[in-house]
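Please read the structure below before turning to the comments.
The values are calculated or read from the model by the stated rules, or taken from the named source; none is laboratory data. Predicted, not measured: the structure shown is a model, and the values here were computed from it. Cβ placement follows ideal geometry from the backbone for every residue including glycine, while neighbour counts extend to all protein chains displayed.
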Amino acid sequence: MNFEQRPNLLYTRGDRHDPRMGDVTVMPTLRKFEKAEWDVAIIGFADDRGVVLNQGRPGAAQGPDKIREFFYKMVAHDGMRIADLGNLALSRDLDADHALATEAIVLALSRASRVALLGGGHDWGFSPIAALMQAGRTGFINIDAHLDVRASEVHHSGTSYWRALESGVRGEDALWFGVQPSATSLFHHEYALAKGGCVIERDLKHALLAAGTIFGECEMVDVSLDMDVFAMSSAPGVSAPQPSGLPVSAVLQFLEGALASPKARTFGIYELCPPHDVEDMTARLAARCLWSGVVQRA
């Protein structure tokens, strides 16, 4: 497997009293990555083919590097060991690329305590679950306006959690938080509930309790954030904008609680669509959420 890296994104102020994430992150070769231990490894999926297949607006392929642009300007804490492997080099075969992503995540998990994944479309959200399932009982937490449980032989941005549930994830180990009734069919809602999953619209306390149960039962958990869980007033640059959504404060509080667990081995951010952003509002918010995922682990 190959990765495409952009070291010029590693921002620095050149001030040892004010280190930034770009100061504490390295972009190693795969060989150097495998010779060390890391707190966090970062992998990007610069691709939006699955979004287009799901009738969403394109642009999420630009998401990973746009998140990096603002993330690497944020303040760093001492002692962090972060490796950014870059964006996975892709082929013309989306299913083959999804499988390759699973291999890449398995490799990253062998050397890092947590793997942060930058989309790209939310179809890439299945690969970390598939990687974790190879090592034991796996749960998922999807912070999203949508359930993404569309049954389809063509894998796209609306199929990831249907694939997970049909591939062996137990329904009781599945949580959706931030689901918008206006964006979710009753059929898909009933499917998630019939599988035993927990679907929560806005109740932060309930969501944190449900997440705690999943962490208690599972050996490892994937946490996934689709940027369309926010209202478009906060996050206009997404693949499927929503007129209403979760407050930024609620999502950050939920992430800080969920990602405090060492069982949260993978954390993905998906569906940032830079061509439709306004003054980089959504990119900055995605970077802030990534910062929580990295700092909570490092």
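Descriptive notes on the structure:
- Any pair with Cβ under 6 angstrom, 6 or more apart, that starts in segment 23-42 at a residue that is at positive phi and buried (at least 19 other Cβ atoms within 10 Å of the Cβ) and ends at one that is of a type in the set (Asp, Glu) and assigned to a strand (DSSP E or B): none
- Subset of segment 152-166 (residues that are of a type in the set (Gly, Ala, Ser), free of Cβ contacts under 8 Å to residues at least 40 places away in the same chain and in a loop (DSSP other than H, G, I, E, B)): SER152
- Candidate set: segment 205-263, residues that are among the acidic types (Asp, Glu) and in contact with an Asp or Glu (Cβ under 9 Å, 6 or more places away or on another chain); chosen: the one nearest to ARG137 (Cα to Cα): GLU217
- Any chance VAL169 is hydrophobic (A, V, I, L, M, F, W, C), assigned to a loop (DSSP other than H, G, I, E, B), farther than 24 Å from ALA286 by Cβ and within 19 Å of the chain's Cα centre (by Cα): yes
- Exactly one residue among THR159, THR138 is touching a Lys or Arg at 6+ places or on another chain (Cβ under 6 Å) and among the hydroxyl-bearing types (Ser, Thr, Tyr), and that residue is THR159.
- Tally, over segment 52-72, of residues that are in a helix (DSSP H, G or I) and either surrounded by 22 or more Cβ atoms within 10 Å (Cβ to Cβ) or of a type in the set (Gly, Ala, Ser) (or both): 8
- Where THR266 falls short, out of the listed (1) within 26 Å of GLN55 (Cα to Cα); (2) touching a residue at least 40 places away in the same chain (Cβ under 8 Å): (1)
- Only residues that are farther than 18 Å from ILE214 by Cα, among the aromatic types (Phe, Trp, Tyr) and within 13 Å of the chain's Cα centre (by Cα) were counted in segment 225-278, giving 1.
- Within segment 95-134, if we keep just the residues that are touching a residue at least 60 places away in the same chain (Cβ under 8 Å) and among the acidic types (Asp, Glu), the residue that is surrounded by the most Cβ atoms within 10 Å (Cβ to Cβ) turns out to be ASP123.
Residues are listed down the side, and each one gets a yes or a no for (1) under 14 Å from ALA250 (Cβ atoms); (2) in contact with a Cys (Cβ under 7 Å, 6 or more places away or on another chain); (3) buried (at least 21 other Cβ atoms within 10 Å of the Cβ); (4) modelled with pLDDT of 95 or more:
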| site | (1), (2), (3), (4) |
| --- | --- |
| GLY178 | yes, no, yes, yes |
| PHE187 | no, no, no, yes |
| TYR191 | no, no, no, yes |
| GLY197 | no, no, yes, yes |
| ILE200 | yes, no, no, yes |
| LEU204 | yes, no, no, yes |
| GLY212 | no, no, no, yes |
| VAL221 | no, no, yes, yes |
| MET227 | no, no, yes, yes |
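- Screening THR282 on (1) of a type in the set (Ser, Thr, Tyr); (2) within 18 Å of the chain's Cα centre (by Cα); (3) part of a helix (DSSP H, G or I); (4) within 21 Å of VAL169 (Cα to Cα) shows it passes everything except condition (4).
- Being surrounded by fewer than 17 Cβ atoms within 10 Å (Cβ to Cβ), charged (D, E, K, R) and either within 26 Å of ARG170 (Cβ to Cβ) or in contact (Cβ under 8 Å) with a residue 12 or more places away in the chain (or both) is not true of ARG49.
- Number of positions in segment 95-146 that are among the polar types (S, T, N, Q) and outside any strand (DSSP E or B): 4
- For segment 62-93, the set of residues classified as of a type in the set (A, V, I, L, M) and in contact (Cβ under 8 Å) with a residue 60 or more places away in the chain consists of ILE67, MET74, MET80, ILE82, LEU85, LEU88, ALA89, listed by residue number.
Each row is one residue, and each column tells you yes or no for (1) in contact with a helix residue (DSSP H, G or I) (Cβ under 9 Å, 6 or more places away or on another chain); (2) on the phi < 0 side of the Ramachandran plot; (3) outside any loop (DSSP other than H, G, I, E, B).
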{"position": "VAL199", "(1), (2), (3)": "yes, yes, yes"}
{"position": "ARG202", "(1), (2), (3)": "yes, yes, no"}
{"position": "LEU209", "(1), (2), (3)": "no, yes, yes"}
{"position": "GLY212", "(1), (2), (3)": "yes, yes, yes"}
{"position": "PHE215", "(1), (2), (3)": "yes, yes, yes"}
{"position": "ASP222", "(1), (2), (3)": "yes, yes, yes"}
{"position": "LEU225", "(1), (2), (3)": "yes, yes, yes"}
{"position": "ASP228", "(1), (2), (3)": "yes, yes, yes"}
{"position": "PRO241", "(1), (2), (3)": "yes, yes, no"}
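- In segment 151-166, of all residues being surrounded by fewer than 24 Cβ atoms within 10 Å (Cβ to Cβ) and under 19 Å from the mean Cα position of the chain (by Cα), the one that is nearest to VAL238 (Cα to Cα) corresponds to HIS156.
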